[in-house]
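First the structure, in the form of structure tokens, and then the observations on it.
The values are calculated or read from the model by the stated rules, or taken from the named source; none is laboratory data. Quantities reported herein were computed from a predicted structural model and do not represent experimental measurements. Reconstructed Cβ throughout: ideal geometry from the backbone, glycine too, with neighbour counts over all protein chains shown. These accessible areas exclude ligands, DNA and RNA; they are computed on the full protein's heavy atoms, side chains included. Shrake-Rupley method; radii C 1.70, N 1.55, O 1.52, S 1.80 Å.
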Amino acid sequence: MKYKNEEISEADLYKKLGNLTKNKDEWESSISDVAGLLKSESSKIQAKALWMLGEMGLQYPDKIKEWVPAISDFLKSVDPLFRERALNALGRIGRADFSLIKSYWKDLFSFAKDEASNVRLNFIWASENIATNTPDIYDGYMEIFAKLLNDPDDKVRMESPEIFRVVGKRQPELVKPYIELLTKISEIDTNRVVRIHSLGAIKAFQKAAI
């Protein structure tokens, strides 16, 4: 995908990015072009580029390394959309190669208390991605996710048990202290999805603990 030195509208560029999303064979050769769009004057294009770089980084972590600092800079944005997209991208990249995002990892936990619910949601998603291949690093941090089980936003509460499922199936000892809480939630929470996901986390723990 080429965009430099071209007169192209936001709509056409967004369409090009959409087409690129479907053409994964072109991803490896397009990473630098997409990364260049992080400096776009269009917030819509920047947000799309952030998301794509996360997906590209999952597939080609060795090619995304130089762009990780630029991606992480968006964590400081006042725009919650940028914060959530940056979290998601770092999560996907960290799933492929934790070493690439290690220096930013502890900073991610501050977003568990972000004022924007979608940012808190993407913090959980990012953590799930990272924990898929490096669950041991969450030793000492699960209490942060336990608090999100009582988040005022339904979407956040629906996703919160999933990090316990992901970690529990790999490092059950990290989830064991929260099984009683998850059991209570699975029985009395008013949200059906929260109950189902809590039960799923319990079952993953039980299977791994055998």
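Computed quantities for the displayed model
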item: Within a Gaussian network of the chain (alpha carbon springs, distance under 10 Å), most fluctuating of L20, L100, L90; result: L20
item: Per residue solvent-accessible surface (Å²) - the chain, probe of 1.4 Å; result: 52
item: Helix-only mean residue ellipticity at 222 nm for the chain, each DSSP H run of n ≥ 4 adding -39500 (n - 2.57), per residue, nearest 500; result: -20500 deg cm²/dmol
item: Percent accessible area from carbon and sulfur atoms, the chain, protein chains only, probe 1.4 Å; result: 48
item: FRET efficiency estimate (nearest 0.05) - Cβ-Cβ, E180 to D25, R0 35 angstrom; result: 0.10
item: Cα-centred dipole magnitude for region 26-171, charges only on beta-carbon of K, R (+1) and D, E (-1), debye, nearest 20; result: 140
item: Distance (nanometres) between label positions extended 7 Å along Cα→Cβ at S99 and S42; result: 3.7
item: Förster radius 35 Å - calculated FRET efficiency between D154 and E10 (Cβ-Cβ, nearest 0.05); result: 0.60
item: GNM top mover of W51, W125, W67 - the chain, alpha-carbon springs below 10 Å; result: W67
